[in-house]
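Values in this text are rule-based calculations from the coordinates and carry no lab data. Bear in mind that the values here come from a model prediction, so they are computed numbers and not experimental data. Virtual Cβ from ideal backbone geometry, glycine too; neighbours counted across all protein chains shown.
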């Protein structure tokens, strides 16, 4: 039996973007905007974008709503992953995961090491799956978001990426090939 080598049609995903910040507003949210630009340029659909204060319960409230929404397949979170007193994204998000994507933080820090040296140790980037929704959490800098999307996330949210990607693990109710 021959293997089908015809290219797969792209499957656009509905993606939500959350910026965690005590100081940013829409005008100053360059990190969240970068994610929006990257995901729409790739052919995905922005489901919703939100900015919340760096507060465990505000972060969980927004993420819980998106995780429960069958139309959201992926969430990109920027900010709150460092070590300052207010950085609480990992603490807010970890408890929501059904499965942790252990390698994401490791790979992100590997790429960041090339860009910012050992300062990458202070990144607590993480990812996981919750209710068939993949969630990626990265630092709040625009460069960190660029690195995360361009080197890791973009490929992992593209159903054509081989040998594997996250698309088969996501809620598929509203994913259909572009025609």
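With a cut-off of 8 Å between alpha carbons and a minimum separation of six or more residues, what is the relative contact order of region 36-124 in percent? Intermediate results must be reported in sequence, preceding the final value.
Details: 59 pairs, mean separation 21.9, N = 89.
Taking the mean separation of contacting Cα pairs over the length of region 36-124, I get 25 percent.
Calculate how steeply helix 102-116 sits against the longest principal axis of the alpha-carbon atoms of the chain, using the helix alpha-carbon long axis, and give the answer as 0 to 90 degrees to the nearest 10.
Compared with the principal axis, the helix lies near 70 degrees.
Could you grab the relative contact order for region 14-169? Cα pairs under 8 Å, six or more apart, rounded to a whole percent. Mind dumping the intermediate values first?
Values: 288 pairs, mean separation 38.0, N = 156.
Computed over region 14-169, the figure is 24 percent.
So what is the relative contact order for region 128-171, in percent, with contacts set as C-alpha pairs under 8 Å and at least six apart?
Result for region 128-171 is 35 percent.
Which entry in (i) 50, 33, 33; (ii) 58, 35, 32; (iii) 54, 44, 36 is this structure's computed Cα extents along the principal axes in Å?
For Cα extents along the principal axes in Å, the calculated option is (ii).
Between residue 58 and residue 106, what length comes free when the chain is fully extended (0.36 nm per residue of separation minus the Cα-Cα distance, one decimal in nm)?
Values: separation 48, 0.36 × 48 = 17.28 nm, distance 2.67 nm.
Working it through step by step, the gained length comes to 14.6 nm.
In nm, to one decimal, how far is the modelled label at residue 162 from the one at residue 68, with both set 7 Å along Cα→Cβ?
Result: 4.1 nm between the two label points.
If I stretch the segment between residue 26 and residue 121 completely, what's the gain in nm (0.36 nm per residue apart, minus their alpha carbon distance), one decimal? Before the final figure, lay out the partial values.
Numbers: separation 95, 0.36 × 95 = 34.20 nm, distance 2.86 nm.
Answer, rounded to one decimal: 31.3 nm.
Going by alpha carbons, how many degrees (0 to 90, nearest 10) lie between the helix axis of 56-68 and the longest principal axis of the chain?
Approximately 10 degrees, to the nearest ten.
Output the peptides 11-21, 92-102 sorted from most to least packed, where packing is the average of other Cβ atoms within 10 Å over each peptide's residues. Provide the component values of the computation, followed by the final result.
Values: 11-21: 24.5, 92-102: 15.5.
Highest to lowest by the protection proxy: 11-21, 92-102.
Helix 30-41 versus the longest principal axis of the chain: what angle, 0 to 90°, nearest 10, using Cα atoms?
Result, in degrees: 0.
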